């Protein structure tokens, strides 16, 4: 972990409702500089909703978000967004742009300097995408789009990185490269929120972990604290109801 | 606000519009422009009116129709699309920058449309009457119309921005489409009234009457000078209309619960067996619950109703009959697409797996749509005719004409786009857009024009024969569809 870690992003009692449905029921956590915070939970737990709120895509129902100690509204705070890199799970991107055009688009929107553009082109080479510079993104696989979005996200040199299942569709080679880049960015003092439901990835990458279920944070701590008790998988299933889970497995087996 | 970011977003929109279309989309766009040209051209010839105001009418009408079509045909993404909003919200872009870029885009389209429509109309005018429209008037009309469209579009964007600040993207898109539809409906309603202003400017006199006609607030000024029931109603409408729009904007996904007695009555009247009951229930469910169906159906229907109602105050009976027939025939397009483009295709997916003849299902779905959507609108048209003081006998004939042509067109639209119904790929490709655009852009005005022709020469006998002919054709097509097993392309 980065030696002088300090709170960059603070989430206080964050709530989100869609009509009668409550997606987040008061989430609290802190993201420090120079750390990778794992955000773990089963499908539908509220991970993407949290990241969408922090990424300024949707509004919160209530709660507070503090960026470097200042209260902010992510949907409209330009200064915050300029320092934020958000890689969404759905890999949505302007598909009819060519790779070169999308790089230029980010370059202009973020008002970057030429150096950062060069970084993007070099990363395209690292990920094996440099041959596709003049090709429309339309025909890309989801994995390729995710790699491209990852490059675009880090090219902006963000202070905070929000990564929602970044490795979900990537090949083994790219997974290793992304993992190493993320660790390197952590060492350079970036604050990274890494959301995933894959325990193995969280174990390998994260310094601390926040576990969320049904819109509530049910546990959080450093990886060492958690790993002392048991493996992350055991810890996770205990928290989310191991007995119920095994019952469900048995039921499914009988049905099939 | 950063000008660089606005230009980047504008460049992005232009790139996506021109480069982002697959071949079929580009063809559809070209057809839009051709249709626009054709409509403007025929307005000069078919309706035997060669005036600048007809040109403006053609322009605003087609511009309006294009926007309406855009969101009915799901081509709405040329201005707003959900994914765009979702992506942009992740980026360091202010809402006002985003909407300003969109305003520039719609301004550009306004200019292109203006040029295309006026070219069509000028050529039509020249062919019909060897008349060359005076350049300065055409230029002024062009400038005015474009200014009108752009300025108001910008105003609406600013308003929407304020209203929907912080809303989720799907809702924003739905509401913006509805608001835009209503807004252009309103422009459409008042567009012919721009012509007297031009005439007045041309002759050097600008009377209050002209301002009364084009400026909503002038009604309130005029009412202080000249009190009449008509003025009072017009003033009330200017208040009612925004309220109606606000209500529409606020409509949500509440389930509509039908009264048991109504259900029983429906069963008694309509349902002969279980299969049919299932189809009628399916259509009703879509009408009541599907967001996309409501979005497709509600706004254009309300626009049609409001425009026709507003016109009934300041247009003669013959024009009202003509426009009544027009909007009624146009309802066939709205109703068919409301049914087809919505979740119905998903239902068709499920139903094709059930042991049922898919043609029969769709034919029944159409009948239900006609019954629940077009006939009630027909009743409204009849009421407007009667409200205008048209004798019942004279009012019924055009209404029936509109209804039977509408019924016929609904079958026709289905035949040109079955693949859209039965396959997700077909739906996404919009493979039959060209044919349906042809039906809605060319055949609907032609059907209304044909009626106008018959009505003008007072050939009621021929009109009755035409009605019977369309009815028989519509029924035969329905029968054909019900017996047909549509190819289910995957």
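Data overview
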{"quantity": "Nearest 10 degrees, 0 to 90: helix A:114-126 Cα axis against chain A principal axis", "calculated": "70 degrees"}
{"quantity": "Cβ-Cβ FRET estimate between residue B:108 and residue A:224, R0 fixed at 41 Å, reported to 0.05", "calculated": "0.10"}
{"quantity": "Using alpha-carbon coordinates, inclination of helix A:172-187 to the longest axis of chain A, degrees", "calculated": "90 degrees"}
{"quantity": "Rough spin-label spacing in nm, given labels placed 7 Å along Cα→Cβ, for residue A:114 and residue A:21", "calculated": "5.0 nm"}
{"quantity": "Tail fraction, Cα-Cα pairs, segment A:1-152, threshold 23 Å, whole percent", "calculated": "48 percent"}
{"quantity": "Pairwise FRET efficiency - residue A:82 versus residue A:43, Cβ, R0 = 30 Å, nearest 0.05", "calculated": "0.40"}
{"quantity": "Diffusion constant of chain A at 4 °C, which comes from Stokes-Einstein with the Kirkwood Cα-pair radius and 1.567 mPa s, µm²/s", "calculated": "68 µm²/s"}
{"quantity": "With Cα atoms, 0 to 90° folded angle of helix A:99-110 axis to chain A main axis", "calculated": "80 degrees"}
{"quantity": "FRET efficiency, 1/(1 + (r/R0)^6) with R0 30 Å, evaluated for residue B:315 and residue B:461 via beta carbons", "calculated": "0.65"}
{"quantity": "Mean residue ellipticity (222 nm) of chain A, computed from DSSP H runs ≥ 4 via -39,500 (n - 2.57), nearest 500", "calculated": "-12000 deg cm²/dmol"}
{"quantity": "Rounded to 5, percent antiparallel among DSSP beta bridges of chain A", "calculated": "55 percent"}
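Coordinate-derived values only; no laboratory data. Remember, predicted model here, so these are calculated numbers, not experimental data. All Cβ positions, even for glycine, are placed from backbone atoms using ideal geometry, and neighbour counts span all protein chains on display.
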